[in-house]
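Working notes for the structure below.
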Amino acid sequence: MAIAMSLMGCSGTAPRTNAPKASESASASASASPSASASPTPGALTEPGADRRLGETATVEWTPKEGVDGKLSITVAKLESTSYKQTFSGWKLDEATLERAPYFVRATIKNDGETDLGGYDVPLWGLDGEGNLVEAAAFKEPFKPCDPKTFPKPFRPGASVNVCLVMLVPDQGKLVGVSFRPYEEFDPITWESEPTPYVAPKPSRSPSASPSS
C-alpha cells in the first residue's frame with residue numbers, strides 16, 4: 001500500500017524569525033553580492049551577501065525564536081536532481097506535488113554557539129532559476145533518500161550534523177542554489193551550483209563467510 005506524503009511549511013519546532021515568504025524573490029542578485037575571494041577567518045562571521053561555492057563554509061548568527069541566540073557554521077556540500085520515479089517509490093503523491101521538480105540539498109552544520117539548538121529546522125532555503133525562494137518539504141514519515149531536515153535533539157555547542165533537505169521547485173523549475181536568509185531584510189548568503197544527478201547508495205554487503213578447510 002502506498003504511504004501518503006504530507007508536504008508542509010518548514011515551521012518545524014519553532015518558526016524562523018521574520019522569515020521571508022517562499023514565493024518571493026531574493027532581494028539581491030548574485031552579481032551584486034560580494035564574492036568570497038579570501039579564506040574566512042575561523043570563527044569569524046560571514047559578511048551578509050557573500051557568495052560561497054559548494055564545500056565552502058559560512059559562519060552565521062541565527063535566532064530561531066525570541067530568546068534563542070545561536071551561531072552556526074554551514075557547509076553546503078551538494079545539490080542533487082532526482083525524479084519521483086527514482087526516489088519516491090511507494091509514496092502517494094497528489095497533482096500539486098507532481099507539478100514540482102524534486103531536488104535534494106546536502107549540508108554539514110556545526111553548532112558554533114553556546115545554545116542547544118536541538119529540534120529546530122535547518123535555516124536554509126532553495127533558490128530557483130527565477131530567483132524565488134523555495135522552502136524545504138516536510139514529511140509525516142521518515143524519507144530515507146533525504147533525511148533529516150531538523151537538528152537532532154540535543155544539538156549542543158560544538159556538535160556537527162549532516163542534513164538533507166528536499167526542495168520541490170514549482171512549475172518543474174530548476175534549483176540553482178541555496179540561501180541563508182533568516183529574515184526578509186537580510187542580504188542572503190548563497191551557494192550556487194549546477195545540480196548533479198542523485199545516485200542511490202549501494203547496499204552494504206555482509207562479510208562473506210570464510211571457506212572451511
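The values are calculated or read from the model by the stated rules, or taken from the named source; none is laboratory data. Source: prediction; values computed, not measured. Cβ: placed from backbone, ideal geometry, glycine included. Neighbour counts: every protein chain shown. Just so you know, the surface numbers come from the protein's heavy atoms only, side chains and all, with ligands and any DNA or RNA stripped out. Shrake-Rupley method; radii C 1.70, N 1.55, O 1.52, S 1.80 Å.
Worth a mention:
- Using R0 = 25 Å, the C-beta based FRET efficiency linking residue 97 and residue 153 works out to 0.30.
- Globularity index of the stretch 72-213 is 1.21 (Cα radius of gyration / 2.2 N^0.38 Å, N = number of residues).
- Residue order for 125, 91 - accessible surface, 1.4 angstrom probe, largest first: 91, 125
- Packing rank of 113-120, 82-89, where each peptide gets the mean count of other beta carbons within 10 Å, highest leading: 113-120, 82-89
- Across the stretch 70-76, computed HN-Hα scalar couplings (Karplus, 6.51 cos²θ - 1.76 cosθ + 1.60, θ = phi - 60°) run x, 9, 10, 10, 10, 10, 7 Hz from first to last residue, x flagging Gly and Pro.
- Å² of accessible area per residue within the stretch 51-181, as computed with a 1.4 Å probe and no ligands counted: 45
- Taking 30 Å as the straight-line reach from the Cα of residue 85, the lysines in range (excluding those fewer than 8 positions away in the same chain) are 21, 140, 144, 149, 174, 202.
- Within-14-Å neighbourhood charge of residue 101 [Cβ basis; K, R +1; D, E -1]: -2
- Accessible surface of the stretch 51-181, 1.4 Å probe: 44 percent of it comes from carbon and sulfur atoms.
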